[in-house]
Structure formats: C-alpha cells, structure tokens
1. Take the alpha-carbon positions of segment 69-138, form their convex hull, and give its projected area averaged over all directions (one quarter of the hull surface) in nm².
2. Once the piece of chain linking V18 and T39 is laid out straight, how much longer is it, given 0.36 nm per residue of separation minus the C-alpha distance between them?
3. Can you list the chymotrypsin sites (Phe, Trp or Tyr not before Pro) in segment 13-106 that are in a DSSP coil and have 11 or fewer other beta carbons within 10 angstrom?
4. Can you check how the C-alpha radius of gyration of segment 1-69 compares to 2.2 N^0.38 Å, as a plain ratio?
5. May I ask you to sort I76, I47, I33 by Cβ crowding, counting other Cβ atoms within 10 Å and putting the fewest first?
6. Straight-line reach from K9: which lysines have a Cα under 25 Å away, not including same-chain ones fewer than 8 places off?
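Values quoted throughout were computed directly from the atomic coordinates according to the rules given, and no laboratory measurement underlies them. Being a predicted model, the structure only gives us computed values, none of them experimental. Note: ideal-geometry Cβ built from the backbone for every residue, glycine included; neighbour counts use all protein chains shown.
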Amino acid sequence: MPPKAREAKKKLLDAVRVFSANSALEYDDDGDIPMRFGTSPGWARFIEKPLLVNLHFLIAEDVEVTEALLRRLNEINTQWFLARLVISGTNVFAMAHFLADPFCVEHFTGCCAALLAMEHEHGEELRAKAAAARKQMD
C-alpha cells in the first residue's frame, strides 16, 4: 500500500475511534471498521483505488422490496446531498462516501452527520414498513 494510502487509512481509523468514543476499534477481516450510527450498526470502509471512504449503516432489515418501496427510497434520495439509501438483498442501508486524498476529518464528520440525520428523519418510517410487511407475511 502506498504511503499516502496508509496514512489516510490510519487517519480514518483514528477518526472513527474519536467519533464513536471507542479507542479499541480496529479494521475487521473484511476491511471494515464496525461502529454505531445512532441506534444502527454501521461500517466505515477504506477504498484504496481511488482513495475513498465509504460509510454505510443499516436502517431497516428484512424489508419487502416492492415498487412502492423503491419509489419511496428514490423520493428520499432526491432530498439528500451527501447520503443515499440503497437496498442490498432485503436490507436498507444509508451510505455516503468521500475522497480520502487528502483525508479530512471534516469530510468524515460531515458524512456522519448526514447519515445520522437521514436515519433520524426516515429510519422509523422504513423500519415500520418492514415490520408491517413481515406481519402480513405471518
């Protein structure tokens, strides 16, 4: 790994440790740094080419992927600049990424703030829809 990438990767870990108030955090086997965004599990991932940081956290799990849900996620995404909602399998994640060359802690905290705001504004709605869909299936 080039020195610039090593330095950015270390700065990301340091920023996540400060943000989460957990100095014991480390990169896991997948290359993610596990953390919490509000009440949701989240991960920070360093991407080497190009030098990027990807932040993502789980907003709702076991959702029924319908056209109505996809329309709603698209509608929400049009309202946000730094963060996006995406579906992976049956889970909804909020994601943001930023350039890490050079690594700026302000970019990290800005993306974290956007993700927290998105979770605060839309998380309950999406979790309620997921719960209602699961209830209908039972």
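1. Numbers: hull surface 21.3 nm².
Answer in nm², one decimal: 5.3.
2. On the way: separation 21, 0.36 × 21 = 7.56 nm, distance 1.75 nm.
Contour length minus Cα-Cα distance gives 5.8 nm.
3. Details: sites: F19, Y27, F37, W43, F46, F57, W80, F81, F93, F98, F103; in loops: Y27, W80, F81, F103.
Of the chymotrypsin sites (Phe, Trp or Tyr not before Pro), the ones in loops of segment 13-106 whose Cβ has at most 11 other Cβ atoms within 10 Å are F81.
4. Numbers: Rg = 14.5 Å, N = 69, 2.2 N^0.38 = 11.0 Å.
Rounded to two decimals, the normalised Rg is 1.32.
5. Working: I76 19, I47 14, I33 23.
Lowest count first: I47, I76, I33.
6. Reachable lysines: K49.
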